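Here the structure comes first, spelled out in structure tokens, and everything after it is commentary.
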Amino acid sequence: FSDGVPGAPLMVIGEAPGAEEDRAGLPFVGRAGRLLDKMLAAIGLDRATNVYIANVVPWRPPGNRTPSPQEMAACLPFLLRQIELAAPKIILCVGGPSSQTVLGVTEGVMRLRGRWRGFESRGFHARAMATLHPAYLLRQPLQKRLAWRDFRAIRAALDTGTAS
Ligand code: URA
């Protein structure tokens, strides 16, 4: 249900494991995960040192479909507790379903991305941002520049301490 370092300043939250993640028992280890690792490396972060990674739904939905709203709602209390315990300064939601579930909003990820939001769960506070899912970026490489903007904003927030 997670990889990386609990307690790290950045927590990345995806949607659900795919086939490779299911086999490995770790989030984001397939093609999208490798792109995510590269994007994190570009801002000086890596999951062995300063990133914690999870998914909204920790099991692979059959046939790789998007988890249903019911599945995500069922898993949300566990994810919220996971966030509270990991206590990141910044939460990065990748993709629409994660962003909508974690941030409790309905807009599409294109509208949500790139803007800071407050995250609160039972007295725990963090800053949160939505960005494009790396699986989408593999299909739409031109959109990487939008994600790059978001990652730079995260780097800046970590550097200036405005992440707290
Ligand atoms: N996509 C996700 O949202 N999560 C993973 O763990 C892998 C791919």
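The values are calculated or read from the model by the stated rules, or taken from the named source; none is laboratory data. A quick note: this is a predicted structure, and the numbers were derived from the prediction, not measured. Positions of Cβ are backbone-derived with ideal geometry, glycine not excepted, and every protein chain shown enters the neighbour counts. Side chains included, ligands, DNA and RNA excluded: accessible areas come from the protein's heavy atoms. Shrake-Rupley method; radii C 1.70, N 1.55, O 1.52, S 1.80 Å.
Yes or no: T101 within 16 Å of the ligand (Cβ to nearest atom), among the polar types (S, T, N, Q) and more than 16 Å from M11 (Cβ to Cβ)? So T101 fails the test. The residues listed here are E15, E20, E71; of these, the one that is within 9 Å of the ligand (Cβ to nearest atom), over 14 Å from the mean Cα position of the chain (by Cα) and either under 19 Å from R152 (Cα atoms) or acidic (D, E) (or both) is E20. Report whether or not A42 is open to solvent by 20 Å² or more (accessible area, probe 1.4 Å), among the aliphatic types (A, V, I, L, M) and within 13 Å of the ligand (Cβ to nearest atom). Criteria not met by A42. Looking at segment 98-128, which of its residues are in contact with a Pro (Cβ under 8 Å, 6 or more places away or on another chain) and open to solvent by 60 Å² or more (accessible area, probe 1.4 Å)? Within segment 98-128, none qualify.
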